[in-house]
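Working notes, beginning with the structure itself.
Read-outs: derived from the displayed coordinates by stated rules, not from any lab. Model, not experiment: these values are computed from the prediction. Cβ sites come from the backbone with ideal geometry, for glycine too, and all protein chains shown count toward neighbours.
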Amino acid sequence: MIKTGLVFLLICATTGSFGQVIKEIQSKDATVENYFVVEPKGDIKGAMILLPGGNLEPESIFPETKLHGVAFLHNILVVTLSYGKTTIYLNDTVLHNINTVLTEVIEKYKIPKDKFVMGGYSAGGVTALSYTEYCKQFPDKSVINPQAVFTADSPVDLVDVWYTFQREIKKNYSQVAMNEAKYYLDKMQTDLKGTPLNNLDNYIKHSPYYNGAEDGGNAKYLLNTAVRLYYDPDVIWQLKNRRRSLFDMNELCASAMINYLLLNGNDRAEFMIADRPAMRSDGSRHPHSWSVIEEVECIIWIEKILKIK
C-alpha cells in the first residue's frame, strides 16, 4: 500500500463515476496505518465510517460498493481505515487505531460526535458492532457517539463462529473455507486465551452478541441505537458451493440478535435481505459481499438517523 498521502480520482466501472476524490491520509500517529477519506460534494452533514473485511486493506472497499459515491452526493464524509486486519474483535490495538483516526477526522472536519454512523463488512462488521457497543457502554471515554451501525454479511456471535469453523474443518469440503477456519481458530485460541469450552466468558466479552445470554451479551448496549444487519440468505448457493446449511450461515445468529433487540424495545433494529443477488466487483456471484447493501436506500436511512435532511 502506498504511504504518500496520495490523492486520486475514483473512475471505476464497477462503482460508477460520481466525481468524488479519494484522499489517502497519513496519520500523525506513526503506529496507525494510512486511512482514506471521501469528502462530500457540499458542506459536511455527517460521517460514515466503513471497515473492511479481515486481511483486506481499507481501499479494497471502493470497487465493491457505491456507498461512498452516494454519500458524496448526500454530503456525508466517508472514512475507511485499517483497524487491525487479522482481528475480528475489539482489543486495545483496534480501539487505539479507530480512536486515533476518528480524533483526527473530528479535528480536521469539525464534525459533532453525534453525527457518526459505523459500518463494516464481514470481520469489519464485527468490529463496527463492538466499537459502537463500546461507545454506548463507555460514553465518557468515547471519541464519538455513533447513532447507527450496519454490517454486510458479518457474524455476530463469536461462540457460534468457533463452532461453525470447527464444522468447516470436519466437513473437509471447501479449501477456501477450511483455510479461513484454521487461521481464525488458531488466532482466536491465542488471542482469547482458550476456546469457548474452557474460557467462555472471554468469548462473550469480545462478542457483539451472545445467543446463550438472556441479556444478549454486549447487544444490550445497542437497545437505543439504530442497527441494520444486511445479508443475502441464499442457502442454495451455500449448499452447492460450501456445503453449508442455515446453521452454518451468519444469518441464523444475526436474526436472533435483531429479534432480541426488537423484543427489548429497539424498533430501529432491522434484519435486511439483499434486494438482488450479491456480486463482487470481478463479476462473480457471492453472498459474502459488500453488494448485499442497496446503497441509495442505505444512505437515505443514514440521513434520517442523523437528521441531516
Using only Cα atoms, find the angle between the long axis of helix 175-191 and the longest principal axis of the chain, and express it within 0 to 90 degrees, rounded to the nearest 10. 90
For the range 161-309, what does the alpha-carbon gyration tensor say about shape, rounded, prolate or oblate, given a ≥ b ≥ c as the root eigenvalues, a/c under 1.5 as rounded, and a/b over b/c as prolate? oblate
As I understand it, the value is the acute angle between the Cα axis of helix 158-171 and the longest principal axis of the Cα atoms of the chain; what does it come to in degrees, rounded to 10? 60
May I ask you to sort 280, 228 by Cβ crowding, counting other Cβ atoms within 10 Å and putting the fewest first? 280, 228
Under the 7 Å Cα-to-Cβ spin-label approximation, residue 309 and residue 39 lie apart by a distance in nanometres of 2.7
If the cut-off is a Cα-Cα distance under 23 Å, which lysines reach residue 41, setting aside same-chain residues fewer than 8 apart in sequence? 23, 66, 108, 110, 113, 115, 304, 307, 309
I'd like the per residue volume of the convex hull spanned by the Cα atoms of the range 85-212, given in cubic angstrom. 114
Calculate for the chain the 222 nm mean residue ellipticity that helices alone would give, adding -39,500 (n - 2.57) per DSSP H run of length 4 or more and normalising by residue count, nearest 500 deg cm²/dmol. -11000 deg cm²/dmol
Any idea how far the Cα center of the range 194-251 sits from the one of the range 266-298, in Å? 18
